[in-house]
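Below: the structure, in structure tokens.
What follows draws every value from the coordinates through simple rules; no lab data is involved. In this text the structure is predicted, and so the values were computed from the model without any measurement. We place every Cβ from the backbone using ideal geometry, glycine too, and count neighbours over all the protein chains shown.
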Amino acid sequence: MPEGPSIVILKEEAAKFVGQVVREVGGNSRQDIQRMAGQRVRAIRSWGKHFLVQFDGFSLRVHFMLFGRYRVDALKENASPRLSLRFDNGELNLYACSVQFIEGELDDVYDWGGDVMADAWDPKQARSKLKLRPEMLAADALLEQDIFAGVGNIIKNEVLWRIRVHPESTIGALPPRKLGELIAQAREYSFDFLAWKKAFVLKKHYQVHTRSTCPRDGHRITWRKQLGEKRRRAFYCDACQALYRGESDVVPAATIERSKPTKKVASKAVGKVAPKKAPGKTGAKKVATVTKARRNPAAGKSSKPAARTSRTAKLATDAPPPRARARDAAGRDHSRR
Ligand SMILES: [Zn+2]
């Protein structure tokens, strides 16, 4: 899926159409795309994953969803464009994307300060928005387009690895410094992504995304098919990405692994304890609470036999709704659904 930086690249490639008149419109979109015929492009902009072509009085909004693609001055093989715009100086072809029109001024619709790649990016505003949602997982927070427009799943995985934060950490439990790093790296990594993508070397810079070994410590990367409310793929290192939960639960999982059970909750501890019924030591209560909340009947995997290794234990509790813990507190009991 094109993340924010990819849309910035498209914006740059399509910049030559600014000031040009649309000579011909084609494509299988069911929107009234012919309204663009004969119109002059006033600006080409982007907001997060939205690609925007501004005309007089209205704008075209393109979202590439999961499988959208584009071609400038070329056609994609074996594919029918959702939308084709032909100009005197070239053409723009968009595939498998969502096409909509926005009436009026874009400035009335978009908060440019929420786009991690925009000059107007406002980190203070991001921090304020995050503070309102302390129960949100770090992984979900980064994918929240209302806060970090443009951040996609690759960026999410890489940013969390960079700042050494476990994806299931809650925003409210992150120390202010870590929260600051998360906000700063959402932008910083996006620009690294942009530079690498332009140089066709993005994938080789992946540190955890689709990787199997942590480049920092050689630990095996944990992979989860779906994580958090956004249910997106997660890759992270249990050894160097600390899980922050609750008031003072801050422990790199590796520390937990070496030490006796404590009150602190780390993913390893949770994973190992999860299949057992009564982990009875100090901290057992807390761990058990999390474990219970982690059981997701919908995932249908919680009834698997006790896992021996932390990796299998993780898979056994795959796709839990970790926010359930916070929700339980709010009265919605997910664990007994
Ligand atoms: Zn690591």
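The figures follow:
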item: Rounded to whole Hz, the Karplus (6.51, -1.76, 1.60) HN-Hα couplings of the range 198-209, x for glycine and proline; result: 4, 8, 6, 10, 4, 4, 6, 8, 4, 9, 10, 4
item: Calculated from backbone phi, Karplus (6.51, -1.76, 1.60) coupling profile of the range 215-230 in Hz, x at Gly/Pro; result: x, 7, 9, x, 5, 6, 6, 8, 10, 10, 5, 9, 9, x, 5, 6
item: Gained length - residue 67 relative to residue 217, 0.36 nm times residue gap less alpha-carbon distance; result: 50.6 nm
item: Pairs from 11/198; 197/230; 156/225; 11/49; 178/230 whose Cα-Cα separation, in the structure shown, is over 19 Å; result: 197/230; 178/230
item: Proxy reagent accessibility, fewest Cβ within 10 Å first, across 131, 156, 11; result: 131, 11, 156
item: Residue-by-residue Karplus 3J(HN,Hα) for the range 70-81, coefficients 6.51, -1.76, 1.60, Hz, glycine and proline x; result: 9, 9, 10, 6, 7, 10, 7, 5, 6, 8, 9, x
item: For residue 49, distant residues with modelled amide H under 5 Å away; result: 150
item: Estimated inter-spin distance, residue 55 and residue 201, nm [label 7 Å along Cα→Cβ]; result: 4.2
item: For peptides 85-92, 28-35, sequence by mean Cβ density within 10 Å, most packed first; result: 85-92, 28-35
item: Cut-off under 5 Å, modelled amide H: who pairs with residue 58 long-range; result: 104
item: Residues with amide H under 5 Å from that of residue 165, placed H, sequence gap 5 or more; result: 242
item: Size of charge dipole - the range 4-110 - debye, nearest 20, with Cβ of Lys, Arg +1 and Asp, Glu -1, no other charges; result: 260
item: Partners for residue 16 among aspartates and glutamates (Cα-Cα distance below 16 Å; same-chain residues under 8 apart left out); result: 73, 88, 91
item: Packing-based exposure ordering (other Cβ within 10 Å, fewest first) of 47, 161, 112; result: 112, 47, 161
item: The range 10-60 and the range 117-139: distance between their alpha carbon centers, rounded to Å; result: 30
